[in-house]
Amino acid sequence: MDFSLGEDRQMLVDSLSRFLADNFDWKAREAAIGSDEGFSRELWNELAELGVIGSWFAEDAGGYGGGAFDVGATFGELGRALATGPFLGSLMAGKVLEALGDHSALEAMISGESIVTFAHDPAIGGDGAPMSDVTAKQADGGWTLTGAKGVVEYLGSADKAVVTSEGSAFLIDLSADGVTVRDYPLVDGGSAGELRLDGAPATLLGESGKAGDAIDAARAMGLVAVAWEGVAVMDVLRAMTLDYLRTRKQFGVPIGKFQALQHRMATVALEIEQARSAAINAAANYDKDPATRDRFCSAAKYTLGAVGSLAAEEAIQLHGGIGMTWELPLSHYAKRMIMLGHVLGDEDEHLARFIELGKAA
């Protein structure tokens, strides 16, 4: 079976890899995560100009790709560089805009003119219980939204948000009256926020039914993206650890000569290939019926969580104390790996979902 990306897609990946190597070194990343926004707006605009964002969407929506492998390949390179930015939120919001026909807002996002994020998960209160989810109400020929959404990616930097409510989808301007944003940094260097709405004006993108299908498909594409990004992060963790085992000496020989450590790294390598296969399967089955699509996506996300934890833990343990220091890039990759294990549902949630979908098959 041929697992190559194809000539056009490989050219995009190679261009993205070179661009990130030239423009997003470790000092640039530290400056980005130390900023108020948590990412470089200049880099975001340059990626848009390069065509990275446009590759996630179909030609009739203003892009030039849109397939699951287009998304997976680009997110893999972003993960390899540990790039920060509203990539996942923009992908899922854009997929909803694409499916429901708001190509104007999507084209502005593709060009880098505006940032649109995706608000779907309910906010959690201080007592650990979910807060009131967003409800929609018709008023004066339009719509208003009231309620809260939590952990909205790069909310403080976004211009607009696609907000879900009872299977329907709405587009809101985050500078409008009735919108309150509380953003905060994340442990892996990114940023998220809590969105509170109190009669905020909104544009209806689609009501339950078609909109619900679009939301489900957008989240499935998000799982594909996260799976491919996670595999790339694991590859870096493995490469860094192997390099350390070859250079760190104990008793006069590289510690990579010790058979026990070789066996541990062999296990990590085998498990990463399982995660890679699951990510490829998720992309390959994305265009099938929703049940099949979701089953393969949950399989990839479960595998990502389980293998990602193993890869991060082994990398830290085999490096010893230095593996946890801020100055060593490995610690940042490990943090991102653990975070990816929880984005869009952790391994327990997706294992249960995979089992239920299997029963219905």
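Suppose we filter the stretch 254-279 for residues that are touching a Gly at 6+ places or on another chain (Cβ under 8 Å) and farther than 13 Å from E314 by Cβ; how many remain?
Count: 2.
Under the condition of being touching a Phe, Trp or Tyr at 6+ places or on another chain (Cβ under 9 Å) and hydrophobic (A, V, I, L, M, F, W, C), which residue from the stretch 156-177 is farthest from E37 (Cα to Cα)?
Only one residue tops the list, namely F170.
Identify, by number, the condition in (1) open to solvent by 10 Å² or more (accessible area, probe 1.4 Å); (2) at pLDDT below 95; (3) in contact with a Leu (Cβ under 7 Å, 6 or more places away or on another chain) that F87 doesn't meet.
F87 satisfies every listed condition except (2).
On the given criteria, is G141 in contact with an Asp or Glu (Cβ under 6 Å, 6 or more places away or on another chain), among the small types (G, A, S), open to solvent by 30 Å² or more (accessible area, probe 1.4 Å) and modelled with pLDDT under 95?
Details: in contact with an Asp or Glu (Cβ under 6 Å, 6 or more places away or on another chain): no; among the small types (G, A, S): yes; open to solvent by 30 Å² or more (accessible area, probe 1.4 Å): yes; modelled with pLDDT under 95: yes.
When the stated conditions are applied, G141 does not pass them.
Go through the stretch 178-192 and count every residue that is farther than 17 Å from K335 by Cα and either buried (at least 18 other Cβ atoms within 10 Å of the Cβ) or of a type outside the set (A, V, I, L, M) (or both).
Of the residues in that region, 5 qualify.
Quick check on Y154: is it closer than 20 Å to L88 by Cβ, open to solvent by less than 70 Å² (accessible area, probe 1.4 Å) and touching a helix residue (DSSP H, G or I) at 6+ places or on another chain (Cβ under 8 Å)?
In short, yes.
Specify which of the listed residues (A176, A169, A192, A161) is assigned to a loop (DSSP other than H, G, I, E, B) and either in the same structural domain as P130 (by the TED database) or touching a residue at least 60 places away in the same chain (Cβ under 8 Å) (or both).
Just a single option satisfies the conditions, and that option is A176.
Is there a residue in the stretch 108-119 that is part of a helix (DSSP H, G or I) and without any contact (Cβ under 8 Å) to a residue 40 or more places away in the chain?
Scanning the stretch 108-119 turns up at least one residue that is part of a helix (DSSP H, G or I) and without any contact (Cβ under 8 Å) to a residue 40 or more places away in the chain.
Could you tell me how many of the residues in the stretch 157-200 are among the small types (G, A, S) and under 15 Å from A93 (Cβ atoms)?
Within the stretch 157-200, residues that are among the small types (G, A, S) and under 15 Å from A93 (Cβ atoms) number 8.
The values are calculated or read from the model by the stated rules, or taken from the named source; none is laboratory data. Keep in mind that what you see is a predicted model, and the values were worked out from it rather than measured. As a convention, Cβ positions derive from the backbone with ideal geometry for all residues, glycine included, and neighbour counts pool all protein chains shown. Surface areas here come from the heavy atoms of the whole protein model, side chains and all, with no ligands, DNA or RNA. Shrake-Rupley method; radii C 1.70, N 1.55, O 1.52, S 1.80 Å.
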